[in-house]
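Colleague: Next up is a structure, given as structure tokens.
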Amino acid sequence: MEAVEEPETLVQCPYDKSHRVRPARLPYHLVKCQKVGGGEDLGGGGQRGAQHPHPHHLHHLHPHPPPLPHPPSPLPHLPSHPSFPHPHRLLPHHPHLRHLHPPPLPHPLPPHPSPLPHLHPHLPLAPSPHPSHLPPPRFLLILLLIFLLILLILLIPFLIPLFLLLLLLILIIIPLLLLILLILLLILIHIFLVLILILPFLILLLPHLHPHPPLPPPPHPHLPRPHFLLIPLFFILLLILIFLFLILFLILFLLLILFLLSLLLLVPFLLLTLLFLLLALLLLLALPPAEQPPGCPPAGHLPLQRPPPGAARRAAGPHRLLPQPLPAGQPALFVFMALSFCRDEVSWLVRHAEHVTKTKNPEDFADSHLAEMLFLMEQLRSLVRGQVGVLQRYHVQYLARFDALVLSEIIQNLSVCPEEESIILSSFVSSLSALSVKGVDDKEQFDFTPLRLDWFRLQAYTSVAKASLPLATNPDVGRAMNLVVFHTKLLDSLEELLAEASDLSELCFYPRVVEKFFAATMEEPSMLRFSIAFPLLCSHFSRCVHPMCPEEHPQLQAVALGLCNKFLEEMARQASSCIMDACAEHHNLSEQLLPKHCASTVSKARNKKTLKHPAKKGEPERDKPGAESQRKDRTLTTNMDKLHLTLAELSLSLNHVPNFTVFEHTVTPAEYLSSQLETRFTKAIVAMAGYSQATQEVARPSEVLVGLGAYVTFLQSLGHLLGLDTGRIIRGVLLQQTQPRDAAGEQTLTTIYTNWYLEALLRQASMGAIVLAPALQAFTTVPREGEPSFSAAEFSDVSEMRALAELIGPYGMKFLSDNLMWHVSSQVAELKKLVNENMDTLVQLRSSSCKPEQMAALLPRLTSADNVLKRMTIIGEILSFRAMAQQGLREVFSHHCPFLMGPIECLTDVVTPDTDIQVTLSIFELASAAGIPCEIDPALVNVLASSKTDGSSPEEDYKVACLLLVFVAVSLPLLASDPASIYNTETDGYNNNIHCLAKAIIHVSAALFTVHNKNIETHLKEFLLLASVSLLQLGQETDKLRARNRDSICLLMQLVSAGGGLLGWGPRTHSPPPRIGIQGAERPGCKAI
């Protein structure tokens, strides 16, 4: 066994003879002496426990506390209060901040990835065996060697002309240099000759010019005087100097020639030598690596395990102490220091930004980059929360393997330790030594509150005036315990530690300043990605609430939620504005591709072929679609580039966190953008329609559909960038457009187009300005002079009806159909009033259908016959437009839901006249919602059933319905006198829209008699009989003006008969419809055509 030296004996340091230390401190003293001076004399900078021969009167100027048994901890000197102090306040006063190296643990730690490897500025991590550090494959080196040999062979022919060129330069430059040197030499010789010739005379005159008495005569009278001896001496000196100059010139000349020749010859040889050295190096790299003996670590790598306990004491010297890699939890202190620095900076700026004195510059108190600092603070906080397991694993081992040992050694070195204090300190050591990593792996909840309370009690015991163990004279105990308290808080009070180091809840009392900084952030494009820091800042405000002041909770909650909502709404507003602006740009681009814009291009092409004159110079030339994508320079940014950049920055900010909590309210930033985007998208769709109620102008449905497609396509492309369910937003907005009002109570496309078609198109059709053209399946405008041109076909053809059905959907088409049916029911109500006025006459006409003379006498007694025909025509126009809209809906529905359209069509085909009327109406209602035409219109049946005359019995209503058909049948001959009742072959209709009467008569009669549950076929036959008799009597009319269009009216009866599919609805025993008048009128009508 080794002899144990006495504790008080001192050992001399081998590096500095003036250093004498205790044996226990010798290894650490050797480390420091070698680190500082490498074995040189350190003077007064040695180990703190060493005795140095410096003056004793300076001891009070350089106090040295007792040494710790291990290297200094990275934690600054903490006060005796166990609460965690602000590191930035203590850091400048700590003497070891330049040595923030981690203390070595006594036992090897399992390697863990460091969460913050970049925060430690001093100790580099051990290099990892990255693939980039491995030697390259040998075949690559061989290929490179072959390449260099080929390059050397190719360079030899190029070096020969280089040699010749250098030789030529030397032959030209050397004579010039020689001439210059010769001239300089002659000048120097001339100067020396002049000096030598003048010097003797100066020497002879010197005694006479000297103010002192002359020199005494020489001691021997026969010796010559000195100035006579100087003359030959100067001549000899002159010859020597000339000879030296010549020799110097020859030497310089030879050196110059040798240098130039060597340069000429050595340059190519140097190049060849470098190439050969490179080849040799590659050959060495290509050789297989030498095998290392077992147990030796690879070159460039440090061992990952720490030395066992006591290795430093057993070491023969400091050469065994190797640097260790940075532990995984070591940067925790730096994180809390950074958070504290940032917290103080933000607090100072907010406190002083609102009240700037006149002597200060306001720009010094405005920081547009404050958002980045707040954002990085939140990043550090989230990083600490995410690495709780790493921090706990590291600090549990730190407490058990380092802090406990340090504290135990400090206790052993105490000179006086009373029993009660000794018990408390021993309990500290035992509690810390019992910690293990297993508790972290088992998710054990640590609680070191008793330990910290014992430390409070110990401070009270040792801080009194006459304490046996004064804490002031034993500062190592306070430092070690404060370090332990900090480490224990990292285990069980991490959130409290974060709040203490980075809490910004006091900003709740400076809302104006925070709003001002937020506004500055939103104006700075580079700071938009950090703007989410301000809403996250509101989550700190809940710490302002104190249990002693519960009445402040509602006010603080309102302030926090108000600021959070304001910030997120502003961010969402800017993001949605960028999205809508980009959508508008795409809309403009898609609008350039519309067919109406190709007319100018087609016209120019035709003019070139026919050699016509070009257009006037005043007309601006339109850019062809796609010109906006051509850019000469990528640095030229367009509006779309700026919008995409801004949108990307705001999207990063809004998607930074999925949600956070503010005063027990969960806030989702993406929902703010979703809400703003939904509102703006709805307004943009309505704005695309361009509806003006004053001028009754509106965009075509097909153009709106193209613009809507551009908006939807762009929004769908942003799904990966925004982090939103754009499909849900699009579906929600488009579904609102199928309703009369949107979520905000504003008009939708359904309301706009319903009002326009009713008030603009159908109203003009009722006045005769627009005509239904069955051949074109659209309404056409009758050209009139002095009126603005308006093409009804552009809004009512097949493609527009299909686009309308795409825009407003089945719900919107049902709303349009209900409004059309309401107008039909109002017209039917007016017709019933006219029937009631002519009740008696119509009853007599109905009973005298076989008595032409009596009918002729009763017809003049009817009043408002023209009004009846006009209202029935309006009903026909409305029903015709509805049929066209239903056809468009059917095509769209078949395209989107073909699997659903097939069964509905099969159900419609199953319905027969013998089917129950309620079942029939239910099936027809389903078919009508899909756009399938039905013999009985269920919407018209429902409207007429709800508009029965008040106070009238069902029999009276039925009678009125029968007499209405009689009124229409006996009034048809009046149409023959109308000059507009001429059949037009181009439109397949009449200029006064009387061909719409056929649809009105068929559908109104079917609906009326379905309401009364009567046979439709019987009443239609009665109508045809009365109409035929009336037209036959028109043939006997002597007034040609009243019968001038009789043939065209007969064709109208053909339309009624052809469209009367309901004539089969009834018992099969009925006779076919009367065709007396029709057959008699076909031949003249055909002749007229």
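Colleague: Look through SER493, SER463 and report the one residue that is small (Gly, Ala, Ser), in contact with a helix residue (DSSP H, G or I) (Cβ under 9 Å, 6 or more places away or on another chain) and in the same structural domain as VAL335 (by TED's automatic domain parsing).
Modeller: On the way: SER463 fails: in contact with a helix residue (DSSP H, G or I) (Cβ under 9 Å, 6 or more places away or on another chain).
Exactly one residue qualifies, and that residue is SER493.
Colleague: OK, next. If we only count helices (runs of 4 or more DSSP H) wholly inside the stretch 939-1043, which ones have 2 or more residues that are at pLDDT below 85?
Modeller: On the way: elements: 954-971, 996-1011, 1016-1035.
In the stretch 939-1043, 1016-1035 are the helices (runs of 4 or more DSSP H) which contain 2 or more residues that are at pLDDT below 85.
Colleague: May I pose another question? Do we have any residue at all in the stretch 532-542 that's surrounded by 14 or more Cβ atoms within 10 Å (Cβ to Cβ), hydroxyl-bearing (Ser, Thr, Tyr) and assigned to a loop (DSSP other than H, G, I, E, B)?
Modeller: no
Colleague: Need a quick list: helices (runs of 4 or more DSSP H) entirely within the stretch 812-924 having at least 1 residues that are of a type in the set (Phe, Trp, Tyr).
Modeller: Filter on the stretch 812-924 gives 865-896, 898-910.
Colleague: Among residues belonging to the stretch 367-413 that are among the basic types (Lys, Arg) and within 42 Å of the chain's Cα centre (by Cα), point out the one that is surrounded by the most Cβ atoms within 10 Å (Cβ to Cβ).
Modeller: Once the filter is applied, the top-ranked residue is ARG393.
Colleague: Give just the number: which of (1) acidic (Asp, Glu); (2) closer than 30 Å to SER848 by Cα; (3) surrounded by fewer than 17 Cβ atoms within 10 Å (Cβ to Cβ) does ASP978 not satisfy?
Modeller: Against the list (1) acidic (Asp, Glu); (2) closer than 30 Å to SER848 by Cα; (3) surrounded by fewer than 17 Cβ atoms within 10 Å (Cβ to Cβ), ASP978 comes up short only on (3).
Colleague: Quick check on ALA856: is it of a type in the set (A, V, I, L, M), modelled with pLDDT under 90, closer than 30 Å to PRO933 by Cα and out of contact with any Lys or Arg (no Cβ under 6 Å at 6 or more places or on another chain)?
Modeller: In short, no.
Colleague: Restricting the search to the stretch 719-746, which residues are within 11 Å of LEU677 (Cβ to Cβ) and small (Gly, Ala, Ser)?
Modeller: Matches in the stretch 719-746: GLY732 only.
Colleague: What are the residue pairs meeting all of these: first residue in the stretch 888-903, first residue assigned by TED's automatic domain parsing to the domain that holds ALA778, second residue aromatic (Phe, Trp, Tyr) and assigned to a helix (DSSP H, G or I), Cβ atoms under 8 Å, and 6 or more apart or on different chains?
Modeller: Listed by first residue and then by second, the contacts come to LEU900/PHE893; MET901/PHE893.
Colleague: Further question on the same structure: Given the criteria assigned to a helix (DSSP H, G or I), out of contact with any Phe, Trp or Tyr (no Cβ under 6 Å at 6 or more places or on another chain) and aliphatic (A, V, I, L, M), does ALA519 qualify?
Modeller: yes
Colleague: Moving to a separate point now. Of all residues in the stretch 905-934, which are surrounded by fewer than 15 Cβ atoms within 10 Å (Cβ to Cβ), without any contact (Cβ under 8 Å) to a residue 40 or more places away in the chain and either over 55 Å from the mean Cα position of the chain (by Cα) or on the phi > 0 side of the Ramachandran plot (or both)?
Modeller: Passing the criteria: VAL910, THR912, ASP914, THR915, ASP916, GLN918, VAL919.
Colleague: Among the helices (runs of 4 or more DSSP H) confined wholly to the stretch 681-749, which include 2 or more residues that are aromatic (Phe, Trp, Tyr)? Quick ask: steps written out before the conclusion?
Modeller: Details: elements: 701-717, 719-722, 726-737.
In the stretch 681-749, the matching helices (runs of 4 or more DSSP H) lie at 701-717.
Colleague: Filter the stretch 756-795 down to residues that are without any contact (Cβ under 8 Å) to a residue 24 or more places away in the chain and assigned to a helix (DSSP H, G or I) and give me whichever is farthest from ASN984 (Cα to Cα).
Modeller: Checked the stretch 756-795; the qualifying residue farthest from ASN984 (Cα to Cα) is ARG763.
Colleague: May I pose another question? What are the residue pairs meeting all of these: first residue in the stretch 636-649, first residue more than 12 Å from SER576 (Cα to Cα), second residue surrounded by 14 or more Cβ atoms within 10 Å (Cβ to Cβ), Cβ atoms under 6 Å, and 6 or more apart or on different chains?
Modeller: Hits for this filter: MET640/GLU585; GLU649/LEU528; GLU649/ARG529.
The values are calculated or read from the model by the stated rules, or taken from the named source; none is laboratory data. Computed from a prediction, not measured in an experiment: that's the story for all the values here. When we count neighbours, we look across all protein chains shown, and the Cβ atoms used for this are built from the backbone with ideal geometry, even at glycine.
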